[in-house]
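J.: Would you mind keeping the following structure in view while I ask a few things?
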Amino acid sequence: MGMNVGSASGSSEPEVMLDVNTTPLIDVMLVLLVMLIITIPIQLHSVNLDMPSGKPPPPTKEPVVHELFIDFDGVMSWDRVALPNHAAVEAKLAEVAAQGDQDEVHIKPNKLVEYSHVASVMAAAQRLGVKKMGMVGNEQFID
């Protein structure tokens, strides 16, 4: 920050000032910052859920449970009946998805099975629209 007191030459024209006045720029930036802070919505740490009120009616019948076993080598069986390929598994899942009140599908993978086999079954179930699906036997994975 220097100050010009006078010019060394005796000319009557003033010297051109090369410094930029940044005060208005800083003022504008501070105003924009305050406006941004004011317009940010308040963060509430809660999730609003539309929960049903009252007591739900009791189920009319016990749910039918189908067990899908995935063996260590990827061989799958539906209710203890071996399935020949992945298309047969998808056909069974499509039958369950087509029902109005869907049956439950419990997936029981072997501890040594590759995850790709389990993931393909879960992806097929999701793609076909199976709503009642669960993983059973997860306690075998605890070490």
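J.: Out of the residues in the stretch 19-44 that are modelled with pLDDT under 80 and of a type in the set (A, V, I, L, M, F, W, C), state the one that is nearest to the chain's Cα centre (by Cα).
T.: Top of the filtered list is 44.
J.: In the stretch 95-109, how many are closer than 17 Å to residue 69 by Cα and at pLDDT 90 or above?
T.: The qualifying residues number 7.
J.: Residue pairs, Cβ under 7 Å, 6 or more apart or interchain, first in the stretch 92-115 and more than 16 Å from residue 80 (Cβ to Cβ) and free of Cβ contacts under 8 Å to residues at least 40 places away in the same chain, second among the small types (Gly, Ala, Ser) and not in a strand (DSSP E or B). List them.
T.: The qualifying pairs are 93/124; 93/125; 97/129.
The values are calculated or read from the model by the stated rules, or taken from the named source; none is laboratory data. Just so it is clear, the structure is predicted and the values come from calculations on it, not from any experiment. Every residue, glycine among them, receives a Cβ derived from its backbone with ideal geometry; neighbour counts consider all protein chains shown.
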